[in-house]
Structures are given as C-alpha cells and as structure tokens.
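The values are calculated or read from the model by the stated rules, or taken from the named source; none is laboratory data. Small disclaimer: the values here were computed from a predicted structure and weren't measured. Methodologically, a virtual Cβ is constructed for each residue, glycine included, from the backbone with ideal geometry; neighbour enumeration extends over all protein chains shown. Heavy atoms of the whole protein, side chains included, go into the accessibility calculation; ligands, DNA and RNA do not. Shrake-Rupley method; radii C 1.70, N 1.55, O 1.52, S 1.80 Å.
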Amino acid sequence: MNDAIKPSPETLSQAGLPELSVVVPTFNERDNVTVLYRRLEATLTGISWEVVFVDDNSPDGTWEVVRGLARKDSRVRCIRRIGRRGLSGACIEGILASNSLYAAVIDADLQHDETQLPKMVALLRSGEAELVIGSRYIEGGSADSFNKQRAGASQLATEVARRALKVEVADPMSGFFMIRRDRFEQLAPQLSTQGFKILLDVIATAQGKLRTIEIPFTFGSRQHGESKLDSMVALDFLGLVLAKLTHDVVSLRFLLFAMVGGTGLVVHLAALFIAHEIFQEPFAEAQAAGALIAMTSNFILNNFLTYRDQRLKGFAILRGLLLFYLVCGVGLLANVGVAFAVFDQEPIWWLAGLAGALMGVVWNYAMSGLFVWRKR
C-alpha cells in the first residue's frame, strides 16, 4: 500500500521537494558544519537533496554558522532546539521535519564517509532495502580510529544488543544510516527521544520488518568540536535495551528516577541516625530532617542525572526544589494510603510496604515530570 502511493523522485522534483534529506545532529560543531556542507555538495551531484542541521543550542554558536549557510543555499536548514538535549531526539525531529523520500543520519564530526550516500540512495531507490547501514564491522569496513577502550565498549555493546534484542545486523550501534522516510514515520511514535543509539532503537522497534542492507565504511578521526557522547552513554544504552525488552513499559528515565530514589533511602537513614543517635534529637524532628535531606539529595541527583536534558539552572533550581518538596510530600501520603489499604486486605507487611513504595515512586515520577521538569 505504501509503495503504491509513494511519490517518485520526478514527482518530488516537480513539487520542489528533495529526494534525500541529510539530518545532522550538532553540538559545538561550528568548525565542522561548513566542511561537511561542502563535502555533501561535492558528493550528491545528480541527487536532489537538503541538509537539516539539528542543533542543541550550541554555546559555540554552531546554529549561527548554519544560518549563514542557509542564507546562501536554500538546501540548508537549521532546527535550533532550546531546553532539550540528546542525539536520538535530534535525529527524530530532523527526519520528521523533512518531506523527502529518504532520510540519512550522519554525524557532523566528519568521522562518517559521506561518499557512501549515493550508494545508499541507489539501494533504497531499487527497493532492495528500506534501511541501509554504514557498517564498521563487515568486510571492507573499519573502526581503527577507535582507541582500545572505545573499541572494546563498542564491541561489547554490539554483542549485548545482538543477543538481548535479537538484532541481526553487524553494526547496530552505527550512527550512519539511511532509511525510507515513510517507514521511519511508522516507527517514530515508538522511538525514544533519549540517548544516543537511534539506529538500534529503529532496528529493535521494527522487529525484523525492515529490509536492511549493510555497506562498509571506514570510521574516521574527529577533526574539531565536541563529542556528543558523555559518561552517561552506558546508562542510556542499558536503559534502551531494558525498554525494548519490556516493550517500552520501563523507560530509561523512570529507571534512573527509581535508582535515585534508592540512594535517597540510604541518605534518609544516614541523616536519621546522625540526628537521632549522635545529636540526640527527638525522633520526630530527626525523621523530618532526614526526609528533607533525602528529598534535597534526590532533587540534586535527578536534576543532574535523570533530567539532564532538561536541567534546571539559576533561579529555576529553587523553584523546582520547592515544587519537588510538594510533589514528594503528596507522594508520601499516597505511599502510606496505599500501604494501609493493601495491609487491610492482606496483612503482609512487606507486600503492603512494597505496594506503597511503588505507588510513591510512580506518583513522584509522574508529577515531577509534569510540574518540576516539565518541557517548555
């Protein structure tokens, strides 16, 4: 059905639309974007194309450089994102903002081989594939530019993804691929906007229903700018795997929120012990102090870790902290209420306690996202 109504390259050309949209997520890449644009211009001769730079409000003004290019060439577009971060979300927004037949994702750091793009287009045009992956781990491909630590981490993640999610491609961790945009549109509602492994998410979500071909390429060395990978990539990856294993019932953000809540319990008990046993404060006052300290530590960790893409800064931190106190206060009442209700029906203390704790964390998570770290 989709093939029957899919417009041809000629129809797109008559409508003034490109056949290919190259989506480039950027953060502090001002020294690379012009070089990449020139390379695309040289490579994509004979193909109607556009390049969509999705910039996460780079402090180095990457978006300003892109806007300068766009004023000279209408094939260049810039999406400047404020208040949100993440490579996967940037790729999703960029692809959904396009009107082309095919969408490619390529990094701005010049490590991917843009000369492979025409070959990818040809494979999609012919119908042999719906997804074409630039692979480092098939014959002819290479990732020799990786240091020993990064090479080991990449290979381990690839093996975990292949075994846990039954992914049957050699390089599911690649950030260089091209996909039919209409097929991506079908998958988009189920994709995670968090994290960095958009291709793995696409493959796992499609569950083997995308005709896929891998072509080799040599992964180059970064020339300028800042890597979009940080120390949280491992957690992002494990969270994505968990989300797909549970059919998206458990999200990465909820997992991190629950982990922070676990550390909060330790902080609470430690503060209670210090106040009550060492400083001889009455239990009620010591308990209140422990709860306040635990909520404060939870807020700080959540702001730094769980909601780092929506991190509160400046005066917003104080406002967010007060709202977090309120949310957690109501969550405590919900916790106790559910625990008592369960205990009345089934007087098993640990079951009632677990039910109350689960209710509390779900309430705190939902309300925190709605009121404290809400997207603006």
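Hey, any hits in segment 60-71 for a residue that's without any contact (Cβ under 8 Å) to a residue 60 or more places away in the chain, part of a loop (DSSP other than H, G, I, E, B) and either more than 25 Å from R308 (Cβ to Cβ) or of a type in the set (G, A, S) (or both)?
yes
Hey, any hits in segment 185-205 for a residue that's within 25 Å of E50 (Cα to Cα), charged (D, E, K, R), in contact with an Asp or Glu (Cβ under 8 Å, 6 or more places away or on another chain) and buried (at least 19 other Cβ atoms within 10 Å of the Cβ)?
yes
Scan segment 256-286 for residues that are open to solvent by 50 Å² or more (accessible area, probe 1.4 Å) and under 30 Å from Q190 (Cβ atoms) and jot them down.
Correct list: M259 only.
From the list G89, G94, G134, which residue is in contact with a strand residue (DSSP E or B) (Cβ under 7 Å, 6 or more places away or on another chain), part of a helix (DSSP H, G or I), in contact (Cβ under 8 Å) with a residue 60 or more places away in the chain and of a type outside the set (D, E)?
Values: G89 fails: in contact with a strand residue (DSSP E or B) (Cβ under 7 Å, 6 or more places away or on another chain); G134 fails: part of a helix (DSSP H, G or I).
Of the residues listed, the single one that is in contact with a strand residue (DSSP E or B) (Cβ under 7 Å, 6 or more places away or on another chain), part of a helix (DSSP H, G or I), in contact (Cβ under 8 Å) with a residue 60 or more places away in the chain and of a type outside the set (D, E) is G94.
Name the residue that is least open to solvent (accessible area, probe 1.4 Å), counting only residues in segment 97-117 that are in a helix (DSSP H, G or I) and touching a helix residue (DSSP H, G or I) at 6+ places or on another chain (Cβ under 7 Å).
L117
Taking I82, is it modelled with pLDDT of 95 or more, part of a loop (DSSP other than H, G, I, E, B) and either at negative phi or not hydroxyl-bearing (S, T, Y) (or both)?
Details: modelled with pLDDT of 95 or more: no; part of a loop (DSSP other than H, G, I, E, B): yes; either at negative phi or not hydroxyl-bearing (S, T, Y) (or both): yes.
It is false that I82 is modelled with pLDDT of 95 or more, part of a loop (DSSP other than H, G, I, E, B) and either at negative phi or not hydroxyl-bearing (S, T, Y) (or both).
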